[in-house]
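Where a number appears in this text, it was derived from the coordinates with a stated rule and is not lab data. In this text, all values refer to a predicted model and were calculated from it rather than measured experimentally.
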Amino acid sequence: MNTITHFYNAARGFNLINAAVSGLHAEFTSVAPITDLDKAQIDVMVASAQQLIAAAEALKTVQYNPTPDTP
């Protein structure tokens, strides 16, 4: 199977997201207070994360259905 590349790419993406969240935390802690626009953007992040969780959970139930070879 060639799934390791997909898992690696997902892990890289999660690392980028974690870094962005940490940066936002630092920003809100010591640079400027959180705004209503920031809160709206956080809501978008949360909704995207929830969709990703649902899609990842759904992967557990994918049924193998290979494409038949065509001559």
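A few remarks follow.
- Helix 36-59 axis versus longest C-alpha principal axis of the chain: approximately 20°, rounded to the nearest ten.
- Helical contribution to [θ] at 222 nm, DSSP H n ≥ 4, -39,500 (n - 2.57), averaged over the chain, rounded to 500: -25500 deg cm²/dmol
- Compared with the dominant Cα axis of the chain, that is its longest principal axis, helix 4-30 is turned about 10°.
- Listed values (i) 14.5; (ii) 15.4; (iii) 13.4 include one computed from this model; for Kirkwood radius over Cα pairs in Å that value carries the label (ii).
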